[in-house]
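Student: I am attaching a structure below and will ask some questions about it afterwards.
The values are calculated or read from the model by the stated rules, or taken from the named source; none is laboratory data. Bear in mind the structure is a predicted one, so any value in this text is a computation, not a measurement. We place every Cβ from the backbone using ideal geometry, glycine too, and count neighbours over all the protein chains shown.
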């Protein structure tokens, strides 16, 4: 099996308004059909994702965040692995560290955080999230083109 050069993982809950921003970004990146890019859209980050992450050259996690004011790009430095601490909800940092226990972790890893305001039940995105989604897609496109 040929591993993707870049793996984009969009995370979020489709039924919680802006929380779905990471998944919207993932689907828009998928629609671009960028060469060497594989895309996953998930409800939450789980340890099973390490099987997809292992062997990719670059992984980009995309998620909604109420903690940022602008769309941000943060490099990932893996955390130490506590084998007894795996659960069905992980962080990008924890997944990167866990990946090193099963295979070759990516050489590069980033988190793209999309600023959001509305995490209530609903299907639409707020204007802030819509803008952040567009910015996130362009950030990912630039990362892929810079490889």
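Student: What's the total number of residues in the range 109-124 that are out of contact with any helix residue (DSSP H, G or I) (no Cβ under 6 Å at 6 or more places or on another chain), surrounded by 17 or more Cβ atoms within 10 Å (Cβ to Cβ) and more than 14 Å from residue 68 (Cα to Cα)?
Tutor: Matching residues across the range 109-124 total 1.
Student: So residue 106 fits all but one of (1) surrounded by fewer than 20 Cβ atoms within 10 Å (Cβ to Cβ); (2) in contact with a strand residue (DSSP E or B) (Cβ under 6 Å, 6 or more places away or on another chain); (3) assigned to a loop (DSSP other than H, G, I, E, B); what number is the exception?
Tutor: Evaluating residue 106 over (1) surrounded by fewer than 20 Cβ atoms within 10 Å (Cβ to Cβ); (2) in contact with a strand residue (DSSP E or B) (Cβ under 6 Å, 6 or more places away or on another chain); (3) assigned to a loop (DSSP other than H, G, I, E, B) leaves (1) as the failure.
Student: Could I ask something else about it? Please work out which one of (1) surrounded by fewer than 17 Cβ atoms within 10 Å (Cβ to Cβ); (2) modelled with pLDDT of 95 or more; (3) more than 15 Å from the chain's Cα centre (by Cα) is the condition residue 84 fails and give its number.
Tutor: (2)
Student: Does the range 43-58 hold any residues that are closer than 21 Å to residue 138 by Cα and crowded, with 18+ Cβ neighbours inside 10 Å, and which are they?
Tutor: The answer is 56, 58.
Student: Those residues that are in a helix (DSSP H, G or I) and either under 18 Å from residue 125 (Cα atoms) or in contact with a helix residue (DSSP H, G or I) (Cβ under 8 Å, 6 or more places away or on another chain) (or both), I need them from the range 29-56; list them, please.
Tutor: Of everything in the range 29-56, those that are in a helix (DSSP H, G or I) and either under 18 Å from residue 125 (Cα atoms) or in contact with a helix residue (DSSP H, G or I) (Cβ under 8 Å, 6 or more places away or on another chain) (or both) turn out to be 29, 32, 47, 49, 50, 53.
Student: Name every residue in the range 7-28 that is modelled with pLDDT of 95 or more and in a strand (DSSP E or B), in order of residue number.
Tutor: 7, 8, 9, 10, 11
Student: List the number of the failed condition for residue 140; all other conditions in (1) in contact with a helix residue (DSSP H, G or I) (Cβ under 7 Å, 6 or more places away or on another chain); (2) assigned to a helix (DSSP H, G or I); (3) within 14 Å of residue 6 (Cα to Cα); (4) modelled with pLDDT under 95 hold.
Tutor: Only one criterion is unmet by residue 140, namely (4).
Student: Would you confirm whether or not the range 62-70 contains a residue that is in contact with a helix residue (DSSP H, G or I) (Cβ under 8 Å, 6 or more places away or on another chain), modelled with pLDDT under 95 and either surrounded by 18 or more Cβ atoms within 10 Å (Cβ to Cβ) or in a helix (DSSP H, G or I) (or both)?
Tutor: Checking the range 62-70: not a single residue is in contact with a helix residue (DSSP H, G or I) (Cβ under 8 Å, 6 or more places away or on another chain), modelled with pLDDT under 95 and either surrounded by 18 or more Cβ atoms within 10 Å (Cβ to Cβ) or in a helix (DSSP H, G or I) (or both).
Student: Is it true that residue 36 is under 14 Å from residue 140 (Cα atoms) and surrounded by fewer than 17 Cβ atoms within 10 Å (Cβ to Cβ)?
Tutor: Yes.
Student: Okay, next question. Considering each of 119, 95 in turn, give the residue that is in a helix (DSSP H, G or I) and modelled with pLDDT under 95.
Tutor: Sole residue among the options that is in a helix (DSSP H, G or I) and modelled with pLDDT under 95: 95.
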